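We did not get these values from a lab; they are worked out from the coordinates using the rules stated. Remember, it's a predicted structure, so these values are computed and weren't measured experimentally. With ideal geometry, Cβ positions are generated from the backbone for all residues, glycine too; neighbour counts draw on all protein chains shown.
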Amino acid sequence: MNIQNILLGHGSGGKMSHELISELFLHYFDNQILQNQTDSAILTVNNNKLAFTTDSFVVDPLFFPGGNIGKLAVAGTVNDLAVSGAIPMYLSAGFIIEEGFPFQQLKEIVKTMGEEAASAGVKIVTGDTKVVNKGKCDKLFINTSGVGVLPDKFAGISLGENISAGDKILINGEIGAHGMTIMAARNDLKINAPIASDCACLNMLIKEILDAGIQVKFMRDATRGGVATVLAEMVKGKKFGLQIYEKNLVVEDGVRGMCELLGFDSLYVANEGKVIMVVPQNQAEKALKILQNHPLGKKGTIIGEITTENPGKAWLNTVIGGKRIIDMLSGMQLPRIC
């Protein structure tokens, strides 16, 4: 094992995270379900398929434009279930609270969680609370787990086994807003173009796509590591490649300006309300219209396609006519973004 000490980069969602998972967790927890490394574990219980996922949230600051840690905790887990093709049903909520944390802030966070769960059509049915000594936890950490029912016909979505050349790649809107919002809020940056997190539950949007008969071959929400890491993961070790068109990627002016000022690449900046999906070429326009008719997909675009060229590689066609490889996030970009 090459890892000597745990670094912040091991929680980034990029190469270091993958190294930690493969060299430690997969080694000792080894089983076929875990080996799939999907956003949700796909389980079969009495011939019925379920999706099961868990996530922990340690965002700093706890409150930010567009949401707070509670909204993030619900949306993050709901989205992990939904992108697997499942219907999210039930959540758990575990709280680790630092002694002295203001009750009114906790109340607001819990209230937000209840409202977000209700709007997503899920129920928070169990949980746990621990209070630790002052200084032993940074204000508040939340863990949420979720269970959803997975129709048989959608069971292969999270694995992407049916992806083929010619398929189109779609996203439901602008990228990079969450990561840059957290950066601005954490450092109290004064920017002229206000930005807000895209944090949202995507299950209703995804349901419309699936209910319309779109043959979705793959879905993943682009959180830590951003869009780039999802794309790189999609083609890693596969017999196909993909190309993305930079001109089709929507980046809000405020986000673009912050990225340019601070030296970030928006492709690697975290999102909390963006789903990447792969659909057959002949269904791409229909899927795009459905996205654009939904409040969470108004700026949806077709950003690229699957190709037979450069198998195992993701490429970006730049606006100036060049090309560059899209790789997983290397090292640490933004700590504590979720």
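Classify the range 168-326 from the C-alpha gyration tensor, please: rounded if a/c falls under 1.5, else prolate or oblate depending on whether a/b exceeds b/c. Note, shape of the range 168-326 comes out oblate.
A simple charge model with +1 on the Cβ of Lys and Arg, -1 on the Cβ of Asp and Glu and nothing else charged puts the dipole of the range 142-237 at about 200 debye relative to its Cα centre.
In a reduced charge model with +1 at each Lys and Arg Cβ and -1 at each Asp and Glu Cβ, the range 38-154 shows a dipole moment near 180 debye about its Cα centre. P(r) tail for the chain: Cα pairs beyond 36 Å make up 15% of the total.
For the peptides 288-297, 194-203, the ranking by mean Cβ contacts within 10 Å, running from highest to lowest, is 194-203, 288-297. The peptide list 70-81, 48-59, 311-322, put in order of mean Cβ contacts within 10 Å with the highest first, becomes 70-81, 48-59, 311-322.
Prolate is the label for the range 38-154. Its Cα gyration tensor axes, ordered a ≥ b ≥ c, give a/c of at least 1.5 and a/b above b/c. Bridgeable aspartates and glutamates around K134 (alpha carbons under 13 Å apart, same-chain partners fewer than 8 residues away excluded): E98, E99.
Looking at the range 54-146, the GluC sites (Glu not before Pro) that sit in a DSSP loop and have at most 12 other Cβ atoms within 10 Å of their own Cβ are E99. Computed 3J(HN,Hα) for the range 45-57, one whole-Hz value per residue from the Karplus formula 6.51 cos²θ - 1.76 cosθ + 1.60 where θ = phi - 60°, is 10, 6, 6, 10, 8, 10, 10, 9, 9, 9, 7, 10, 10, glycine and proline marked x. Farthest towards the positive end of the charge dipole of the chain, among the residues N187, P65, H10, is the Cα of P65, using unit charges on the Cβ of Lys, Arg, Asp and Glu. Between the listed residues V149, N79, G135, the Cα displaced farthest toward the positive end of the dipole of the range 38-154, a dipole computed from Cβ unit charges relative to the Cα centre, is found at V149.
Placing +1 on the Cβ of every Lys and Arg and -1 on the Cβ of every Asp and Glu, with no other charges, gives the chain a dipole of roughly 240 debye about its Cα centre.
Shape class for the range 178-224, computed from the alpha carbon gyration tensor (a ≥ b ≥ c): prolate, with a/c not under 1.5 and a/b above b/c. The modelled label-to-label distance between N48 and M332, using points 7 Å beyond Cα along the C-beta direction, is 4.3 nm.
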